[in-house]
Amino acid sequence: MLLKGEMKVHDAIQKVFDALGECEFHGRDYYVQDKDCYGLQASEGDGSYGNAYKRALEERQKHTQRLIDFKQYNLEHVMHLRSS
């Protein structure tokens with residue numbers, strides 16, 4: 001039962017990765033926040049989207065890395081259970 005439960009967790013983690021891969025994440029959705037929400041100005045004329053997108057991207061990368069770490073932990077646990 002423990003292995004079956006850990007496999008369910010493994011499958012759920014994969015579904016989250018799949019959903020993240022299908023989720024469009026683009027700077028055009030954040031540029032308006034630079035001025036209106038944070039009191040910052042996006043750079044004009046240089047193609048950048050400003051600080052809001054950068055902060056959102058860094059936050060997403062941080063959480064994605066934590067998810068990767070948990071996926072690795074879960075995989076090691078599954079492998080250990082299978083070898084027992």
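The values are calculated or read from the model by the stated rules, or taken from the named source; none is laboratory data. Keep in mind it's a predicted model, so treat the numbers as computed, not measured. As a convention, Cβ positions derive from the backbone with ideal geometry for all residues, glycine included, and neighbour counts pool all protein chains shown.
Give the residues of region 1-42 that are at pLDDT below 80 and exposed (fewer than 10 other Cβ atoms within 10 Å of the Cβ), sorted by residue number. So that I can check it myself, show each step before the final result.
Going residue by residue through region 1-42, those that are at pLDDT below 80 are 30-42.
Matches in region 1-42: GLY39 only.
Take the conditions surrounded by 14 or more Cβ atoms within 10 Å (Cβ to Cβ), more than 13 Å from the chain's Cα centre (by Cα) and modelled with pLDDT of 95 or more and apply them to ASN51. Does it pass? Please lay out each step first, then the result.
Values: surrounded by 14 or more Cβ atoms within 10 Å (Cβ to Cβ): yes; more than 13 Å from the chain's Cα centre (by Cα): yes; modelled with pLDDT of 95 or more: no.
No.
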